[in-house]
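Notes to accompany the following structure.
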Amino acid sequence: MDKLKILVVDDESRMRKLVRDFLVKQEFEVIEAEDGEDALNKFYEQKDIALIILDVMMPKISGWNVCREIRESSKVPIIMLTAKGEESDELQGFDIGADEYISKPFSPKILVARVAAILRRTGKNGEEVLEIGGITVDRPGHQVKIDGKELELSYKEFELLNYFIENKGIALSREKILNHVWNYDYFGDARTIDTHVKKLRSKMGDKGEYIKTIWGMGYKFEVES
């Protein structure tokens with residue numbers, strides 16, 4: 001079986017080597033890019049990149065702009081790296097389509113665990129198509145349709161909706177959602193989930209009402225009969 005390709009983008013060669021060494025040990029193939037322009041060229045050349053690890057502050061083209069451009073044509077999972085830890089930066093990253101956001105300095109082992117978790121969820125087994133309340137979720141194709149019309153969702157929004165539907169009628173705490181959808185020990189607060197739910201509801205239109213808020217706890221997906 002061919003190794004999955006990870007594109008690692010950072011203008012610091014030392015950082016690229018650190019991340020590459022950990023990923024190679026886990027049997028990933030690593031493609032490196034030293035700036036935003038190089039990243040876009042490598043992404044379009046390779047065609048089969050499974051995931052991108054993308055630094056924010058880079059020469060020529062910033063990580064934000066690289067993420068925006070890639071999102072115009074691809075839903076490939078993107079993990080953004082930054083030296084900043086401000087909430088506004090994190091929210092901006094999610095707003096333009098990033099799936100994970102990690103502040104430097106970070107543990108390479110945690111980064112690799114997150115990479116593995118995202119790729120594992122991409123190929124998870126189970127029922128391939130879910131249908132409920134006018135919503136159709138094609139899991140292998142990572143596609144959602146509402147009343148027959150395709151919905152444009154980020155990778156994380158797709159995973160969140162999929163998890164809600166799998167657990168329809170069950171009250172889910174924010175902690176449980178983080179553990180299953182983000183699939184790592186999350187040491188922040190609930191704003192990450194709330195931000196994603198707000199965007200997901202907005203994109204779903206009237207169907208967004210299926211995601212009920214349970215005050216002080218979390219959320220529940222419920223379709224009225």
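Numerical summary
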read-out	value
Heavy-atom accessible area order for Trp64, Trp182, largest first, 1.4 Å probe	Trp64, Trp182
Glu45 accessible area, assembled protein chains, probe 1.4 Å, Å²	130 Å²
Violating pairs (Cα-Cα greater than 26 angstrom) within the set Lys5/Lys203; Lys60/Lys109; Lys104/Lys207; Lys60/Lys104; Lys145/Lys168	Lys5/Lys203; Lys60/Lys109; Lys104/Lys207
On Cα atoms only, tilt of 191-204 relative to the major axis of the chain in degrees	60 degrees
Length gained when the stretch Trp215-Ser62 is fully extended (0.36 nm per residue, less Cα-Cα span)	51.2 nm
Potential extension, Lys145-Lys198 segment - 0.36 nm per residue separation minus Cα distance	17.2 nm
Computed accessible area, Met57, all protein chains, 1.4 angstrom probe, square angstrom	110 Å²
Accessible area in the full protein assembly, largest first, 1.4 Å probe, for Asp48, Asp55	Asp48, Asp55
Using alpha-carbon coordinates, inclination of helix 108-122 to the longest axis of the chain, degrees	50 degrees
Probe 1.4 Å, protein heavy atoms only - accessible area per residue of the chain in square angstrom	51 Å²
Carbon and sulfur %, accessible surface of the chain computed with the full protein complex present, 1.4 Å	48 percent
In degrees, nearest ten, helix 155-166 long axis to first principal axis of the chain (Cα)	30 degrees
Exposure of Arg201 as accessible area (Å², to 10), given a probe of 1.4 Å and all protein chains	70 Å²
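The values are calculated or read from the model by the stated rules, or taken from the named source; none is laboratory data. From a predicted model like this one, the values you see are computed outputs, not experimental measurements. Calculation scope for accessible area: heavy atoms of the full protein, side chains included, ligands and nucleic acids excluded. Shrake-Rupley method; radii C 1.70, N 1.55, O 1.52, S 1.80 Å.
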